[in-house]
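Trainee: What follows is a single structure, and I will ask about it in a moment.
Only the coordinates and a few stated rules stand behind these numbers; no lab work does. The model shown is predicted, which means the values in this text are computed figures rather than measured ones. Ideal geometry is used to build each Cβ from the backbone, glycine not excepted, and the neighbour counts take in all protein chains shown.
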Amino acid sequence: MIGRGVFCLAVASFIAATGLARSPAPVNDDAVMEGTRRALSEYNFFTDLAGQQPNFEVTPYRLNMPLYSDGAEKLRFVFLPDGKSLAADGEGLLQFPVGSAIIKTFAFGEGADRRLIETRLLLHRADGWLALPYKWNEEQTDATLALAGARLEVERPGGDTISYRVPNKNQCKECHGLNGAVVPIGPKARNMAHGWLAQMVEAGALDRMPEGADTLPVWEDRADADAEQVARAYLDVNCAHCHRPAATASNSGLDLRWEQDGAIALGILKRPVAAGRGSGGHEFSILPGEPDRSIMVHRMDSVEPGVAMPELGKSTVDPDGVAAVRRWIEGMPAS
Amino acid sequence: MKPTSRALAAALMAATAISAPLAARTIAVEPGDGAQERLQEALILAEPGDVVELGAGTFALTDGLSLDVDDVIVRGAGMDETVLDFTGQQGAGEGLLVTSDNVLLRDFALENPKGDGVKSKGADNIIYHRIRVTWTNGPDENNGAYGIYPVESTGVLVDGSKVSGASDAGIYVGQSDRITVRNSIVEANVAGIEIENSRNALVENNIATRNTGGILVFDLPNLPVMGGGNVIVRRNLVVANDTANFAPAGNIVASVRRGTGVLVMANENVLVEDNVFENNPTAHVMVIAYTQPFDDETYNPYARNVVIGTNAFGRGGDDPQFDGKDMLLAAFGGSLPPIMWDGISEMTDDPGLRVADGQAGWTLGLTEPGQDFAAARPAPLQAASPAADFDMAGIGAPVELEARLR
């Protein structure tokens, strides 16, 4: 078993390197393990809640390929309980011990103008994962549990105002549901930076470097990356949590996971099943060479409920994501 | 029943009657300010056995609702009294999503959901009782797709419900097993009732009218659940399905011809019996193979063991939506016989279609799935009589679901 001391030491050095202050107050394990706390502050994940400065037991991370949410900035953290570590499982999800938590804060705006909107928690308990949404208050001093979600006006960096949706507890499960249980979706080995994984191994917080893991392209470097790799990675991260067997959109027969290589399952020359008006008058999810005649592009390019994909967490189109998928489809030889 | 077992049953029923109300809470939710959050919170905080009771009036909603707790009853004051109004919906793909088992939905309406009305996915033993889903502007391609939409579920009972205006199907049951759809009205949808990639379905005592097609039974390729069949369509009123197809192109139902009564496509063991058909201008009953190319070894595109029993066929087939309809009408004397078969069968020695004596039909005389209509050789249908009684065992929703409605 890895001692908390070793982990703390490594994290402390990481924190020192990033200039973060160290706090002696530990994370509230009881809050992670049972009940539902009304306020985010009760978990003690942060030394400076509004500043999103993590506690010494909480480690920030980023993803090579992030999930788009109306252009929100996302601050991601993991918490591991005393003496426990992550386990590598090939290129799939890192396996989190019971008692750990994944914390993700959504924010809009830069610097002093930054507004925290919501913080979503995934708590790994003895009976499985629990997803809880917390909505930040006007004063930006704390976030409170919003089981039923919320809809609020948010000004984006570009200056436009959108009606932003904080998902309710059930909606968390629509994306995080697999075989009826809640699971994390972001921290897959293939979507984590090699350096971060190595650092976690060194700190004793990850049992070993994941073997045989692909590495997804880094989103910011997409212009120089292979079009298919970029689009497939984007779809894997943004769509495949629903569009895969045993998940929310399994009945569509569309499987957009990175590891899927069947053309029809990926949408190529696949006819719609329950798309309704979401088909936009097109016959196939993907018509090679013809993004403008592909249902996938049509639905990604819409914000109209009943047409828009993804169905949740989307008030705006991700123009860069649409462009990435377009580029892939354009490059496919027409059949 | 012997006296002893009757006494035992009575004692059990009495015990249930006493314990059930004590165990179950009723969470009342009224329309008005904050309805979205209050109702959603009630659906989240409900525990197994609870009743979420919706007051009379209109709930103005801005987002989809969802229920993920087993054994919950959601009950309104009546399908015309309690209305969940999604006219202002800004998000989610359906009005209400149910993902838990043993749920009973009853006595309320959904109006103008942007996507589907009520979707229940992986929700076993679900009952829809007197649920109304209406797109109030009538047929419109901008309406949502499905009104009542159970999928990937075992045990589905839809009873006394009503759907109109769906741009795909009013009541759509997909990739499911043990299904009953009955006593319901489907009006002015593209498809009235659709049973797709499903097994053991009973569709009875419904009224399907002014849809493009009344009742559709078929299988599609490349889906997680394949091999639909064992479907009975009986005692339905399938009348005046004459609305022009308003489905967005690309959807399978966009190819349904205006004026189709019952369509059976790529399915096995289907019985169509004791229905009343009137004024379906293309065909009262159509039995065909899947026409599109496909790449799925598990898919069977043929209609197999389809039995058309005795039905009451009124006027119909007098304005068929086919190329060359004038020639067809002239050849058949002004209207087409009620049963239309494409002529395509999987095996040469078994036509895949049997028709009760005295029920007239015609065949397109095609030989291969996907064959061009130009190759048709229309002729009167010479089909064999049904060989034996249709095996009805195991078809329909489990009987336990009936007990919940009493």
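Trainee: For peptide A:262-275, how many partner chain Cβ atoms fall within 10 Å of a residue's Cβ, on average?
Mentor: Working: counts 2, 1, 5, 1, 0, 0, 0, 3, 3, 9, 8, 11, 17, 6.
The shielding value for this peptide is 5.
Trainee: Let's test the formula: R0 of 25 Å, r as the Cβ-Cβ distance of B:Glu368 and A:Glu290. What FRET efficiency results, to the nearest 0.05?
Mentor: Numbers: r = 28 Å, r/R0 = 1.12.
Efficiency at R0 = 25 Å is approximately 0.35.
Trainee: Moving on. What angle do you read, to the nearest 10 degrees and between 0 and 90, between the alpha-carbon axis of helix B:3-23 and the longest principal axis of chain B?
Mentor: Here the helix axis deviates by roughly 60 degrees.
Trainee: Treat each spin label as a single point 7 Å out from the Cα along the C-beta direction, and report the B:Ala393 to A:Thr141 distance in nm.
Mentor: Between B:Ala393 and A:Thr141, the simple spin-label model gives 7.1 nm.
Trainee: To the nearest 20 debye, what charge dipole does the protein assembly as shown have about its Cα centre, counting +1 at the Cβ of each Lys and Arg and -1 at the Cβ of each Asp and Glu? Each step should come with its number before you reach the end.
Mentor: Values: 61 positive and 98 negative charges, 206 e Å.
That gives the protein assembly as shown a dipole magnitude of about 980 debye.
Trainee: Let me know the longest stretch in chain B that avoids all GluC sites (Glu not before Pro) found in a DSSP loop with at most 16 other C-beta atoms within 10 Å.
Mentor: On the way: sites that count: B:Glu81, B:Glu141, B:Glu297, B:Glu346.
That would be B:142-296.
Trainee: Then there's this: Report the label-to-label distance for A:Glu259 and B:Thr26 in nanometres (one decimal), using points 7 Å from each Cα along the Cα→Cβ vector.
Mentor: 5.0 nm
Trainee: Other chains' Cβ within 10 Å of A:169-182 residues: what's the mean?
Mentor: Details: counts 7, 13, 9, 1, 3, 8, 0, 0, 4, 0, 1, 5, 0, 0.
The per-residue average across the peptide is 4.
Trainee: If each of A:His194 and B:Asn137 carries a label point 7 Å out from its Cα toward its Cβ, how far apart are those two points in nm?
Mentor: Here the modelled spin labels are 5.5 nm apart.
Trainee: Pull up the cross-link candidates among the lysines for B:Lys162, meaning alpha carbon to alpha carbon under 24 Å and not fewer than 8 places away within one chain.
Mentor: By straight Cα distance, B:Lys162 reaches B:Lys114, B:Lys119, B:Lys121.
Trainee: Okay, next question. Karplus couplings for the stretch A:267-273 from phi (6.51 cos²θ - 1.76 cosθ + 1.60, θ = phi - 60°), rounded to Hz, Gly and Pro as x?
Mentor: With coefficients 6.51, -1.76 and 1.60, one gets x, 6, 6, 8, 7, x, 10 Hz.
Trainee: Taking Cα atoms, how many degrees apart are the long axis of helix B:35-45 and the longest axis of chain B, rounded to 10 and kept between 0 and 90?
Mentor: Rounded to the nearest ten degrees, it is 80.
Trainee: Here is a further query. Expressed as a rounded percentage, what relative contact order does the stretch A:230-297 have, with Cα pairs under 8 Å and six or more residues apart? Write out the running numbers ahead of the final one.
Mentor: Details: 98 pairs, mean separation 13.4, N = 68.
Rounded, it is 20 percent for the stretch A:230-297.
Trainee: Under 5 Å between amide hydrogens, which residues at least 5 positions from B:Arg132 or on another chain qualify, with H placed 1.01 Å from N in the peptide plane?
Mentor: B:Phe108, B:Ala109, B:Leu110, B:Lys162
Trainee: Out of residues 5 or more away from B:Asn269 or on other chains, whose amide H comes under 5 Å of its own, with H placed 1.01 Å from N in the peptide plane?
Mentor: Residues meeting the amide H criterion: B:Asn230, B:Arg304, B:Asn305, B:Val306.
Trainee: State the Cα centre-to-centre distance between the stretch A:152-220 and the stretch B:236-301 in whole Å.
Mentor: 44 Å
Trainee: Once you average over the residues of A:278-288, how many Cβ atoms of partner chains fall within 10 Å of each Cβ?
Mentor: On the way: counts 8, 9, 3, 7, 3, 5, 1, 1, 0, 0, 0.
Mean number of neighbouring Cβ atoms from other chains: 3.
Trainee: Right, here's the next one. For the pair A:Asp113 and B:Thr58, what calculated FRET efficiency results from E = 1/(1 + (r/R0)^6), where r is the Cβ-Cβ distance and R0 = 60 Å, to the nearest 0.05?
Mentor: Values: r = 40 Å, r/R0 = 0.66.
The computed FRET efficiency comes out at 0.90.
Trainee: Follow-up question, since we're still on this one. Mind checking which lysines have their Cα closer than 22 Å to the Cα of A:Lys84? Skip sequence neighbours fewer than 8 apart in that chain.
Mentor: The reachable lysines, counting only those whose Cα sits under 22 Å from A:Lys84, are A:Lys104, A:Lys188.
Trainee: Same structure again: How big is D, in µm² s⁻¹, for chain B by Stokes-Einstein at 25 °C and 0.890 mPa s if Rh is the Kirkwood radius over C-alpha pairs?
Mentor: Working: Rh = 21.9 Å.
Once the numbers are plugged in, D ends up at 112 µm²/s.
Trainee: I need the phi-derived Karplus couplings for the stretch B:224-235: 6.51 cos²θ - 1.76 cosθ + 1.60, θ = phi - 60°, integer Hz, Gly and Pro marked x.
Mentor: Per residue, the Karplus-derived 3J(HN,Hα) values read x, 10, 10, x, x, x, 6, 10, 10, 10, 9, 6 Hz.
Trainee: Please tell me the relative contact order of chain B in percent, rounded to the nearest whole number, where contacts are Cα pairs under 8 Å and at least six residues apart. Let's see the in-between values first.
Mentor: Working: 1278 pairs, mean separation 35.0, N = 406.
RCO, chain B: 9 percent.
Trainee: Please state the shape class of the stretch A:174-259: rounded when a/c is under 1.5, otherwise prolate if a/b exceeds b/c and oblate if not, all from the C-alpha gyration tensor. Working shown, then result.
Mentor: Working: a/c = 2.70, a/b = 1.29, b/c = 2.09.
Verdict is oblate for the stretch A:174-259.
Trainee: Another question, then. Please list, ordered by chain and number, the residues whose modelled amide H lies under 5 Å from the amide H of A:Arg125; skip anything fewer than 5 residues away on the same chain.
Mentor: A:Gly99, A:Leu130
Trainee: Sticking with this structure for a sec: Can you give the FRET efficiency for B:Asp349 and B:Ala379, using 1/(1 + (r/R0)^6), R0 = 22 Å, r = Cβ-Cβ distance, to the nearest 0.05? Numbers along the way, then the final one.
Mentor: Numbers: r = 20 Å, r/R0 = 0.89.
After rounding, the FRET efficiency stands at 0.65.
Trainee: From the helices alone, meaning DSSP H stretches of at least four residues, give me the mean residue ellipticity at 222 nm for the protein assembly as shown, per-run term -39500 (n - 2.57), in deg cm²/dmol to the nearest 500.
Mentor: -4500 deg cm²/dmol
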